Amino acid sequence: MKIVFCCTNTKADPWLEGFRQALPGVDIWEWQATPAGHAPKLADHAVVWSPPQSFIDEQTQLQNLFNIGAGVDALLKLNLPSSLNIVRLNDAGMSVQMAEYVCHAVIRYFREFKHYENDQPEQRWSYRKPALRSEFSVGVLGAGVLGSKVAQALQQFEFPVNVWSRSPKQLAGVQSFTGPEQLPAFLKATKVLVNLLPLTPDTENILNHANLSQLQAGAFLINVARGKHVVDQDLIDLLDQGHMAGATLDVFRVEPLPQDHAFWKHPQIVVTPHTSARTLREESVAQIAGKIKAVYAGEFIEGRVDKVRGY
Ligand code: NDP
Ligand code: OXD
């Protein structure tokens, strides 16, 4: 079995070592562009994050691309042979991190921690009237592997929680909304909007003025999915006009977020560097190695991407 590793966001060596331990006898190497005039070494499977088109064009015998992340938008921008499968990471330790990040952000808004952080330098002892939990409903866009974990974690804090997805969901204590026809009702019911949608042609720019302005007055946005879901200027306008009260953003159209981007200095925006749910190497190696074994055993594997649907 031959595996090529081509991940633009991490050092290869610890991953290669992990796969050699998990799949004894595997021939695995880090991809380097083959010099012109030389025959490339061809692999059966690839472990990838955002590989260049030249990698796909060269590796003509690949059966599966194992993505070391949940989002496959970067892969679907490539020109891929129709026979090539894309397999995403299913959780692999990401959902609990996402739940931590989102719950932290929601609770920070709900309990008005920013107010206390501002008071401390002034040595001011000033209580805020507790907000009503029943008026602090959280809407989660996307109820897949990550969105459903986040919704359930928020529900444990007894916030009213709604999710919006393509197909209906049954999550204890969580109300499910589906499809474009139920999006307005979902937005209208939302004080804190959490975005956990995949980036697809249907969801790109979904966080625009028309949709964000349907949120309740004083709404917050937590975007942990992809930067291209947000129309940046629309968000800034709604914050500046006071319809929205704050945003916590982990993902951006261009990453790293350019130095001159208005988000950096906006007083109502919190910026984090695409870190809400990191890929964990040990969990990911174990999951991908398990899926590779399942492929050879002819078994079903979870996380095969529907290339037409886009996730
Ligand atoms: P899943 O594929 O498991 O879930 C996607 C959810 O979105 C599903 O519930 C799906 O509905 C819903 N959905 C997709 N398209 C539409 C649509 N057009 N209308 C309504 N609902 C839609 O993905 P994950 O939960 O694993 O991950 C979500 C995203 O989070 C990733 O794609 C990635 O971009 C981002 N991410 C960000 C990270 C970070 O560090 N910031 C880390 C990891 C992921 P249905 O269930 O009905 O199919
Ligand atoms: C992912 C990510 O998609 O890290 O997994 O953004």
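The values are calculated or read from the model by the stated rules, or taken from the named source; none is laboratory data. What you see is a predicted model; the values in this text were computed from it and never measured. Don't worry about glycine lacking a Cβ; one is built from the backbone with ideal geometry, like all the others, and counts go over all protein chains shown. To get the accessible areas, we keep the full protein, side chains included, count just its heavy atoms, and leave off ligands, DNA and RNA. Shrake-Rupley method; radii C 1.70, N 1.55, O 1.52, S 1.80 Å.
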* **Top-ranked residue of region 277-311 - restricted to ones that are of a type in the set (A, V, I, L, M, F, W, C) and assigned to a loop (DSSP other than H, G, I, E, B), ranked as farthest from ligand 1 (Cβ to nearest atom)** => ALA297
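Pick out the one residue from ALA70, ALA99 that is within 16 Å of ligand 2 (Cβ to nearest atom), assigned by TED's automatic domain parsing to the domain that holds LEU197 and under 29 Å from LEU249 (Cβ atoms). Working first, answer last.
Working: ALA70 fails: assigned by TED's automatic domain parsing to the domain that holds LEU197.
Every option except ALA99 fails the conditions.
Which one of LEU215, LEU171 is open to solvent by less than 50 Å² (accessible area, probe 1.4 Å) and away from ligand 1 (no atom under 12 Å from the Cβ)? Walk me through it before giving the result.
On the way: LEU171 fails: away from ligand 1 (no atom under 12 Å from the Cβ).
None of the other options fit; the residue is LEU215.
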* Members of region 233-257 that are acidic (Asp, Glu) and part of a helix (DSSP H, G or I) -> ASP234, ASP237, ASP240
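Kindly indicate whether any position in region 193-201 is over 16 Å from ALA105 (Cα atoms) and touching a His at 6+ places or on another chain (Cβ under 9 Å).
Here is the first cut: in region 193-201, the residues over 16 Å from ALA105 (Cα atoms) are 197-201.
Still in the list and also touching a His at 6+ places or on another chain (Cβ under 9 Å): 197, 199.
The answer is yes; a qualifying residue exists.
Which of the following residues is over 30 Å from SER82 (Cα atoms), under 16 Å from the mean Cα position of the chain (by Cα) and open to solvent by 40 Å² or more (accessible area, probe 1.4 Å): HIS261, HIS274? Working first, answer last.
Details: HIS261 fails: under 16 Å from the mean Cα position of the chain (by Cα).
It is HIS274.
Tell me, please, whether a residue that is closer than 20 Å to VAL285 by Cβ and of a type in the set (Gly, Ala, Ser) can be found in region 72-88.
no
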* To do: Quickly run through region 249-271 and pick out the residues that are under 23 Å from ASN9 (Cα atoms) and either outside the structural domain of GLY144 (by TED's automatic domain parsing) or within 16 Å of ligand 1 (Cβ to nearest atom) (or both).
  => LEU249, ASP250, VAL251, PHE252, ARG253, VAL254, GLU255, PRO256, LEU257, VAL271
* Asked: Considering region 58-83 alone, what residues qualify as being open to solvent by 60 Å² or more (accessible area, probe 1.4 Å) and either of a type outside the set (Val, Ile, Thr) or within 15 Å of ligand 1 (Cβ to nearest atom) (or both)?
  -> GLN61, GLN63, LYS77, ASN79, PRO81, SER82, SER83
* Residues THR248, THR178: which one is hydroxyl-bearing (Ser, Thr, Tyr), within 16 Å of ligand 2 (Cβ to nearest atom) and either within 24 Å of ASP73 (Cα to Cα) or buried (at least 20 other Cβ atoms within 10 Å of the Cβ) (or both)? -> THR248
* Per-region count, region 1-60, residues more than 18 Å from VAL72 (Cα to Cα), in a loop (DSSP other than H, G, I, E, B) and of a type outside the set (Phe, Trp, Tyr) -> 21
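Would you mind stating whether GLU112 is away from ligand 2 (no atom under 16 Å from the Cβ) and either closer than 30 Å to THR34 by Cβ or not assigned by TED's automatic domain parsing to the domain that holds PRO160 (or both)? Spell out how you get there, then give the answer.
Details: away from ligand 2 (no atom under 16 Å from the Cβ): yes; either closer than 30 Å to THR34 by Cβ or not assigned by TED's automatic domain parsing to the domain that holds PRO160 (or both): no.
No: the conditions fail for GLU112.
Out of curiosity, is GLU283 in the same structural domain as ILE222 (by TED's automatic domain parsing) and closer than 30 Å to ILE3 by Cα?
Numbers: in the same structural domain as ILE222 (by TED's automatic domain parsing): no; closer than 30 Å to ILE3 by Cα: yes.
Criteria not met by GLU283.
Does GLN97 satisfy the criteria of being touching a Lys or Arg at 6+ places or on another chain (Cβ under 7 Å), open to solvent by 20 Å² or more (accessible area, probe 1.4 Å), within 13 Å of ligand 1 (Cβ to nearest atom) and in a helix (DSSP H, G or I)?
Details: touching a Lys or Arg at 6+ places or on another chain (Cβ under 7 Å): yes; open to solvent by 20 Å² or more (accessible area, probe 1.4 Å): yes; within 13 Å of ligand 1 (Cβ to nearest atom): yes; in a helix (DSSP H, G or I): yes.
Against the criterion (touching a Lys or Arg at 6+ places or on another chain (Cβ under 7 Å), open to solvent by 20 Å² or more (accessible area, probe 1.4 Å), within 13 Å of ligand 1 (Cβ to nearest atom) and in a helix (DSSP H, G or I)), GLN97 qualifies.
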* So ASP91 clears everything in (1) within 12 Å of ligand 1 (Cβ to nearest atom); (2) outside any loop (DSSP other than H, G, I, E, B); (3) open to solvent by 10 Å² or more (accessible area, probe 1.4 Å) except one condition, right? Which one? -> (2)
